[in-house]
Each structure stands twice: as C-alpha cells, then as structure tokens.
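I have placed the structure first, in the form of structure tokens, so that the comments after it can refer back to it.
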Amino acid sequence: MQQFTISHWQDVQQDLKDKLGDVVYDSWLQPLSFCPDKTTESEVSLRVPTRFVRDWVVRHYNDDLTNTISSLIGKPMAVKFEIVAPVAKPETVQAEVKPEQIATTAPVTPKANKSADSASYRLLEAGNPLDPRFTFDNFVTGKGNEFSYAAAKRIAESEDAAYNPFLLYGGVGLGKTHLMHAMAWHIRENYPERRVLYISSEKFVYQFIRSLRDKKTMDFKEAFRSVDVLMIDDIQFIAGKEATQEEFFHTFNALIDMRKQVILTADKSPHEMDNVEDRLRSRLGWGLTTEIHKPDLETRLAILDTKAAELGVELPKDVAMVLADKISSNIRELEGALNRLVAHADLIGCPITLETAQNLLKDIFQASNRLITIEEIQVKVSDYYRIKLHEMHTARRSRDVARPRQVAMYLVKRLTSKSFPDIGKGFGGRDHTTAMHAVRTIEKLAAADKTLADDIKLLENMISSS
Ligand code: ADP
Ligand code: MG
C-alpha cells in the first residue's frame, strides 16, 4: 500500500492552491502542516494552529482536502486534525480565540490589544488587487448593461456620494466585477487623494474573523472606516454569516453617515437575498440599485469582436455568430470559448473556422436529438433578419418579411418532420401550396445566391445545435 508522504502533501498543497486561489489558500490552508508520524494508511494527520482554523477548514474545505488526498493516493483517505499552537511569544498564544467568541462582536478589552504590532493593521493588505483590463474603456455597452455602465461612471465621476450606497447586482459573468474595478481605476486616477478600498466579501469575512482572533477588531473597524470609497464585491457571501453581517452593517452605516461612498455588488437584488437581516436589506435600498442584465446578441457580438481584437486575432463572422448565439448568459464563458479557439489556432497554426470551432467546443455545440419546433425556428429566423415575430403569421408580402418567412418554412421542412399542410397552418393558416412554393423558391434561390446559402447554413447550425 502506498504511504502518504511529505511530497504527497506538497502536491496536495499545490493542487488546492490552484483550485481555491491564493487568498483562500494563504488564509486557511497554508497554516496546516503535515504530521508524518501520526499519519496511517487510511488517515492523514494535519496540525492546525488554532481550534478556530480547524473548525473553519473542516466546515469549508474538508471535501477538497479528502478528495485531493484520496485521488492522489488512489484510495479513500480520511483527514484528522490536531491543534498545536505554533511556538510563539506568549501574547500571540494568548490571543487565540475560542469558537464561542466568534459568534459575537463583543468589544475587545484594551489589555488584549497590547502586543507590539497590533496597531499596525494594514489597510493595503486588506484589499484585493485590481485587474488592469477591467476599465471603462474596455467595457462594451449595449442593451442589458448600458444603464449600469452609465450609473457606475456617473458615481465614479462624482465626489459627493449622491447615490449611496451604489449596489450593482446581476447574474454570474455579466461584468459586475469589471465595472467595479473600472470605478476604482477611474477614482484612483482622477482623485488620487481619495482612499479607495476594493475587497472581495470573502476577504472581508476573513479579515474580520482574523481581527477577532487576533483581538484587533478596533483596528479593523478603524481601517475600514478610514477609507473614502469602500467597494465590496459579491456581498451575498456575507449573508448568513451573522457576526460578519453585523460588523458589515456597522461599517456600512458609519461610512454612509460620514458621506463616504459605498459600492457593492451582489448576485441578486436585496429583496431576493436570503439570510439578510431586514434592516440591512432596507438600508441597501436607500441609494441606487441597478441590475446588470444579460447583453443582447448584438452586444455579445461586439464583446467578442473587442476581445478578439485585444488578442490580435480575426474571428470569422460565422464563428462569432454561432458563439454569441450559443453562449448567451455568461460573458466569462463566452470569453473562455474564444480563448480556447485562439489558443488552439495558435498551437496548430491554422486559422479559426466553423469546423474547428465545432470540434473544439463540442460541449457547447453539442447537437441534441430533441425535437425542434416551428415556433423556435420562427423565433430564430425573425431574430436573425430583425423582423417582428408576428410577421411569420401575417399576410404581408413585402420582400423584407416574405423572404425570411420563406426561409423559416424551408428550415421547418428540413429540420422537422412536419408536412406541408402543417407548415402552412403554423405560418398563419396558409395553404399547403404556399408552403410548398416557399420551400422550392428558397431551394432555387440558395443554389444561385451564396449569401442566402450562408445565411441558411448558419441558421441551421444555430437551430440544430441549441
Ligand atoms: P461578474 O463579476 O458579474 O461575475 P466579471 O466582471 O468578472 O463578471 O466579468 C466576467 C468577464 O466578462 C470578465 O473578463 C469581463 O471583462 C468580461 N465582461 C463582462 N461584461 C463585459 C462587457 N460588457 N464588455 C467587455 N467585457 C465584459
Ligand atoms: Mg464578480
């Protein structure tokens, strides 16, 4: 049987660092140390510096630890923890917090604050770095995000905290963090004297808990209350953590009372957040709340265009169209797909084509065997040609609506098992001869007209792989 050794432990550490990110790793996993003499064939023994760290790790990262260890060794392994305070100056040991204390924000006794470095709670350390790509200039606006963009810009430009707090909410990967960083960059550049603190709520929680553990809550409070602009990203992670929420609420109130700007993001509106105290919920709504929606097709195409240009590649129209059509609800995924294509093209030295895209992004394109309906073909085709959906059913004969209608009928014939009478009926109760005529017309036209043939191929692709 394979024995778990220190070099396995190093691999585990690396894996977890990659998986969970530096902040989580440094805060919670780095303090663990491997204890070979107490490790058995089925159980890995780890030392933790405090009961608090142990409880936190067990609650949040136990599965990550056991899974990583087990898969490395190739059999199920358990993990056990032993609390061994690090050898340190007496004050430090004394500063350990018992778990019971964590649920409260009881004032800290001055005595506990006496250790030599306790006054130097570092604000800079508290924040997260800003991504240099996340600027207003790099943000593509369109239906869905333009209002949030305008609000973010307006607030970043004004000095008087007229909208306080500013809460930006919306689904994953829609640009909330991007806009928040853009605001931070803008303020830093234009108002260098204003102190901006940008922090993820995970880090906020961690900092707060650490301040409790080290009995430095006063420093914590002071640090957070001394900024001019406080930005906390993804505040939904604070919900449900009572003590932190309480502390957050006080910080938040204090800053707002001092007319300091508070900027927050969340994945839902305050009304939809569970585990948020009512007074916090209502206070969140006092300022300006905007929702960032999924961008429409046109905006997604523009984003792809911009990102491709940033990468210095040219993305063929048909590939862009299919990507933007398939990946509609998360810009991060859209970017991820583009990155995959570009990396592949780079590696192989071939241009990006629809075929390579389809091969490479099978998971996204995966043609399903589900039944395609007349309605969805009508929706896609009218979207594509930018005509109103109801034109599929009207009797209007003008070319700009009649042609798309015929294309839709043609696609129904190709992609479904509907009969001509069915098709006629599905398009505003037309006669079956009209449906037949439409299909023949498109066949004939497409044979001679490359643009039409391409449109049809693209539409077919979009419909059959959605
Ligand atoms: P969220 O915080 O809402 O989950 P992010 O701000 O992290 O999303 O955005 C995910 C990715 O998508 C980032 O790389 C971001 O630059 C990009 N992105 C999102 N919206 C836009 C946009 N309108 N223009 C350019 N890039 C965008
Ligand atoms: Mg984010």
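Structure notes:
- Qualifying residues in region 166-217 (those that are more than 16 Å from ligand 2 (Cβ to nearest atom) and in a strand (DSSP E or B)) - the one farthest from T251 (Cα to Cα): V196
- Long-range neighbours under 7 Å by Cβ, at least six apart or interchain, first residue assigned by TED's automatic domain parsing to the domain that holds G285 and on the phi < 0 side of the Ramachandran plot within region 169-189, second near ligand 1 (Cβ under 8 Å from one of its atoms) and part of a helix (DSSP H, G or I): L174/I331; L179/Y149
- Breaking point among (1) within 16 Å of ligand 1 (Cβ to nearest atom); (2) modelled with pLDDT under 85; (3) small (G, A, S), for A239: (1)
- Applying the set (1) touching an Asp or Glu at 6+ places or on another chain (Cβ under 9 Å); (2) modelled with pLDDT of 75 or more to A95 leaves exactly one unmet item: (2).
- Scanning region 271-303 for residues that are crowded, with 19+ Cβ neighbours inside 10 Å and either under 12 Å from K143 (Cα atoms) or under 22 Å from the mean Cα position of the chain (by Cα) (or both) returns M273, V276, L284, T289, T290, I292, P295, T299, R300, L301, I303.
- Among residues that are more than 18 Å from R300 (Cβ to Cβ) and either in the same structural domain as G144 (by TED's automatic domain parsing) or modelled with pLDDT of 90 or more (or both), I423 is included.
Conditions tested, residue by residue: (1) in a helix (DSSP H, G or I); (2) polar (S, T, N, Q).
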position: Q3; (1), (2): no, yes
position: W9; (1), (2): yes, no
position: V12; (1), (2): yes, no
position: D15; (1), (2): yes, no
position: D18; (1), (2): yes, no
position: S27; (1), (2): yes, yes
position: E41; (1), (2): no, no
position: L46; (1), (2): no, no
position: R54; (1), (2): yes, no
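- The set of residues in region 393-412 that are within 15 Å of A446 (Cα to Cα) and either open to solvent by 80 Å² or more (accessible area, probe 1.4 Å) or of a type in the set (D, E, K, R) (or both) comprises R403, R405.
- Per the listing F134, F220, the residue uniquely in a loop (DSSP other than H, G, I, E, B), buried (at least 16 other Cβ atoms within 10 Å of the Cβ) and among the aromatic types (F, W, Y) is F134.
The values are calculated or read from the model by the stated rules, or taken from the named source; none is laboratory data. Note that the structure is a prediction, hence the values are computed from the model and not measured. Methodologically, a virtual Cβ is constructed for each residue, glycine included, from the backbone with ideal geometry; neighbour enumeration extends over all protein chains shown. SASA here: full protein model, heavy atoms, side chains in, ligands and nucleic acids out. Shrake-Rupley method; radii C 1.70, N 1.55, O 1.52, S 1.80 Å.
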